[in-house]
Each structure stands twice: as structure tokens, then as C-alpha cells.
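Written out below as C-alpha cells is the structure these notes cover.
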Amino acid sequence: MEIQKQSKRQHEFALASMTELASSSSSSSFCSDSQSVPVTARFSADNGVVELRFNRESESADSISVDVKTARKYSTGVTVQFRNKEESTAFHCAFEQWKKEVTVQGMLLTDGAVTACKSKFDDKIEPSSAKMYFHYYGQLLHQQNMLQDYVRTGTYYAAVIENRADFFGCVVVDVGAGSGILSFFAAQAGAKHVYAVEASEMAEYARKLIAGNPSLGEKITVIKGKVEEVELPEKADILISEPMGTLLVNERMLESYVIARDRFLVPNGKMFPTVGRIHMAPFSDEYLFVEIANKALFWQQQGYYGVDLTPLHASAFGGYFSQPVVDAFDPRLLVAPAISHVLDFTEIKEEDLYEIDIPLKFIASVGTRVHGLACWPAFYMFFIPCIYWLHVGTVLICSTVQRWLTTAPGAPTTHWYQLRCVLSQPLYVVAGQEITGQLRMVAHNAQSYTVYLTLSAKMWGPGAEQGGILQTSSCKLDLKEPYYRMSQPQTYAMAQDQQPHQPIHAQVPDIHIQADDLKEPELIQPPPQNLDAQVQ
């Protein structure tokens, strides 16, 4: 039972027994049975003093207590026995929560130890990164940037409203709610109640927005805190979130989404979105390569105010190529059909997101220089668990409207743009040549990933089956430190010595996905059979 009265709070547990272990000769025991007064353990906070007290009755003088704030010696030990496993677990959770509150209040034990209870988020994310992250998303200008991404916001709105039958009468948790816009969509779709969980100061703005929209706001409760730490009064039927970062995984929000699933979602509950994909294809962009390489020319000066800068040129050159490029590019720069890597949010484990390995295999559609790997994410906006079908002749009728959100080149531009990993040593390929490699992403504590890319061109032509790797190039990039180029796709004029190649168009599929699209939809159309005949 928890009691809250102004400055005093209490949390009380019934025990089976408690034995004091002050010394072997002077130990005492409190026991609880059907003929005696129950033994209790009570946490309390009164005007900043946090205390844990063991006693036989609520106001008994015969008790043992510890003032966590002012205690200077730890000469008293106790053994506590609970009536069942559930009560033991509940006590342990409460104990950890009270320790955390002491730490938040800045109460340090006098021997130098801090009674901290870190969540999963605190264990894996460095404090400075978390502070910057929540500060960024606590500002209205950044929320406006996302809200004005009408591809993003409009797709979410349409997906929720068109599937109102899935939301009607359900409890919804909005993970990382921000301004609360997705919570409003869920309320409009008829949700019974929505819990908007937001850790940044944006939670206060969300409360203001809810207060200004009372007809919908009465269904929405804002809970300020991390999903790894907060407690909810009930389980959720549906999780809704927009956890996508650059390259899908940047900012490590997907891990919080998965943790929310494990903590809050009922068995067989629905997740929105359900599936994410990372699409990848090699590209050729001579202008981008030269632009990055030329940045390091500054460090080739031998007489910069009497100082030779050339010893740092190699380091600067490598540094510029360690930045993934974020921009919107012309899909005609792709030199092979794309492949994709699928993340099923209903099945994936949090630990699976710590390190992601993606094998790469492409067939070059044109002869050109390959300057790196282009990547773009996509979300599938439907609930796989609630799809059912009725066979009426040859007609397949699904219960849900399926939508997806893509950031593909050639599609309407979003605030995510696309991402390109540029190699400092390009590869030379001919049409039909196999390109292999690996994209490896390792999470780090700055809420991002270190990206390791390797691309290799295999031998091509007669006898290639017996041949091995012809050339290999690799790079290491920090997803936390991208180069925000973010220009709109430009029409690239071909240099006189640059061979033009057949456009490889990224498909921009209709928002409505057909039943067959649930398999493995291709974003890139396959090249025509006779490429040479169509090259101008």
C-alpha cells in the first residue's frame, strides 16, 4: 500500500520474519504468525529524510530504522524473510526505486558510495550524450521540423485513421511521444486511453497541447520519464512510436521501443510500426567523391604562415571519409538493384540491436567506379498479428489497411534524407560483375553506431567461378558524426571522360501495399536485359 500526503510518502510491506544481525550474542528476531502482530517493512520520505523501518506494528517503539540521508555507520544488519516470491520481488523493486530517488535528490552516503539504481538506458548511454539528446528533443523548433515532414506525419495519420478498428477501445502507449501528435491520432481513432511516455522537457509542452484540446486530451495521460524506468497503471494493447533514426538505428531509439514491448505490451499485442527495413545499394558519384577528397587539400599547404601542414594531411583525409553523408541523391546514381535487411520489432531482442551484421551481394548493372554504399530505411505501417483473410473464390480480403513509410531516393524527401558511406578508394566494376561485402554496425554509448563497410569486386567473365576477389575497399564511419549535405537531388552533367550509364530507378510504390508485397518488395527495378543498346 502506498500513501501520499504532501511532503510525506510511505510504502509498506508485510514480512514473514525479520532477524537483526547486530552481533552474534545480541541478535533479536521479529516473527509474524497467525497469533501475533504482523511484521512490517516501511519505506518513508518525510521532508527530504528517506527512511526504511522494520517494526511489529505501525507505531511501535520496538523497531529498527535507518535514515538513509544522515546515517554514518552501518553496524546493523538484518535478515528478512517474505511470505512468498511475489512479495519478495515487489520489495526488491521498491527498494531499488527508493535508492534511485535518494540518488536523484543528491543524497550521498558518507563513505562515498552513491545509492544509485541505474536503468538499462543509464547503463549503456553516457550521461553527456543523454543530456544533449533530451535537450534537443525538448525544443519546439525540432519538434516542428518533424511535424512539418508531411511524408512522415501524413503517413502515420493515414495509417492510424484507416486502421481505426484496431485502435478502438484499446489501451495505447506512445513510446517517445514528443509533442504527443501520435497520441492524438490514436485518440482520434477511438483508443480507450493513451499513455504518452516522454523523457524530455517536451512532456510539459505535450501537456499544454492536451489541455488545449480537451475533447481528445481527456483520453491522453502524459508520463514524463524513460520507458526503461516509468511504471504504467495498466498494460497496453498497442504500442505506437516513431523510433526511426538515420540509417534506421541512429539514436538507439529502437532499443527503447523493444524494451517498451517487453515491459508494457500484453501478450500478442500490436506494435505500430511492426517491421523496419534497411535498404542498400552501391552507388557512383564522382562529384561527391571529389568534394570530400578536396576538403583535405587545406592540409597540403607547406607554407601556412611558415608552418608545414602536410604531416596532418593523411589524418584529415581519413577523417573526412569517416563521415557518412546525409543528403538526397538522384536514384540514377545507383549501379545495382537494392537489397534489404529486415528488423521485425515483434520478435527482435534488445541485444540483437547492439551489433548488426549485414552480408552484401550485388550484381553491377553498369560499368563504372563504385564510390560506396547508399542506404535508406523504411517502416511498414500495419499490424501483422491482426491480419486475417477470407477466401471468396480467388479474392483475398485483409482486415487492415497496410501503409508504409519510405525514405528511398526518388521518393518524396523526408527529414531523414538518405545516407551514403563513401569509400576513400573506389572500386572499378563492369556490367554483370558481382560486388560482395559486409555492413557491420556496432552500437556505442553516445547513442549511435560505429559503421564498418567492406566492398569487394569479384573476378568477372570466363573462368570467374575459379577466381577470387579482384579488389577490396573498406571504411570505418561514425554514425554520430555525419556530413549533413542535405541538398536536393541534382541533375548530374557527365564529364567528357565519364561514361554515362543506364538509370537505375528507385521504385516509389503506391502507399497501399498488396498482399504479395508482404514478402520481399523490391525498391529498385531490375535493369533491362540489353544495357549496351540503351546507353546513349
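The values are calculated or read from the model by the stated rules, or taken from the named source; none is laboratory data. If you're wondering where the values come from, they're calculated on a predicted model, not measured in any experiment. Every residue, glycine as well, gets a Cβ built from its backbone with ideal geometry; the counts of neighbours run over all protein chains shown. The protein model used for the area step is the full one, side chains on, heavy atoms only, and it has no ligands, DNA or RNA in it. Shrake-Rupley method; radii C 1.70, N 1.55, O 1.52, S 1.80 Å.
Restricting attention to the range 184-206 and to residues that are small (Gly, Ala, Ser) and without any contact (Cβ under 8 Å) to a residue 40 or more places away in the chain, the residue that is farthest from ASN163 (Cα to Cα) turns out to be ALA203.
Filtering the range 207-232 down to residues that are in contact (Cβ under 8 Å) with a residue 24 or more places away in the chain and open to solvent by 70 Å² or more (accessible area, probe 1.4 Å), which residue is nearest to the chain's Cα centre (by Cα)? The residue in question is LYS224.
The number of residues in the range 119-132 that are open to solvent by 40 Å² or more (accessible area, probe 1.4 Å) and either assigned to a helix (DSSP H, G or I) or in contact with a Ser or Thr (Cβ under 9 Å, 6 or more places away or on another chain) (or both) comes to 7.
Yes/no per residue for (1) more than 26 Å from the chain's Cα centre (by Cα); (2) at positive phi; (3) of a type in the set (A, V, I, L, M); (4) open to solvent by 10 Å² or more (accessible area, probe 1.4 Å):
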position: LEU297; (1), (2), (3), (4): yes, no, yes, yes
position: LEU309; (1), (2), (3), (4): yes, no, yes, yes
position: PRO324; (1), (2), (3), (4): no, no, no, no
position: ALA328; (1), (2), (3), (4): no, no, yes, no
position: VAL342; (1), (2), (3), (4): no, no, yes, yes
position: GLY372; (1), (2), (3), (4): no, yes, no, no
position: TRP376; (1), (2), (3), (4): no, no, no, no
position: PHE379; (1), (2), (3), (4): no, no, no, no
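Residue count for the range 448-466 satisfying the condition of being modelled with pLDDT of 95 or more and either open to solvent by less than 30 Å² (accessible area, probe 1.4 Å) or polar (S, T, N, Q) (or both): 8. Within the range 286-341, being part of a strand (DSSP E or B), touching a residue at least 60 places away in the same chain (Cβ under 8 Å) and not hydroxyl-bearing (Ser, Thr, Tyr) holds for VAL325, VAL326, ASP327, LEU334, ILE339, HIS341.
Among the residues making up the range 133-174, those that are of a type outside the set (Asp, Glu) and touching a Ser or Thr at 6+ places or on another chain (Cβ under 7 Å) are PHE134, TYR137, GLY138, GLN143, LEU147, VAL151, ARG152, ASN163. I'd like to check something: does the range 236-250 contain any residue that is out of contact with any Leu (no Cβ under 9 Å at 6 or more places or on another chain) and not aliphatic (A, V, I, L, M)? Checking the range 236-250: not a single residue is out of contact with any Leu (no Cβ under 9 Å at 6 or more places or on another chain) and not aliphatic (A, V, I, L, M). On the basis of being open to solvent by 30 Å² or more (accessible area, probe 1.4 Å) and closer than 20 Å to TYR484 by Cβ, does VAL290 make the cut? So VAL290 passes the test.
The condition of being in contact (Cβ under 8 Å) with a residue 40 or more places away in the chain, under 29 Å from ARG403 (Cα atoms) and assigned to a helix (DSSP H, G or I) holds for only one of ARG277, ARG261, that being ARG261. Exactly one residue out of LYS349, LYS361 is modelled with pLDDT of 95 or more, open to solvent by 70 Å² or more (accessible area, probe 1.4 Å) and under 30 Å from GLU162 (Cα atoms): that is LYS349. The number of residues in the range 133-171 that are surrounded by 13 or more Cβ atoms within 10 Å (Cβ to Cβ) and closer than 20 Å to ALA189 by Cα comes to 20. For the structure I just gave you, tell me whether SER183 is among the hydroxyl-bearing types (Ser, Thr, Tyr) and crowded, with 23+ Cβ neighbours inside 10 Å. Criteria met by SER183.
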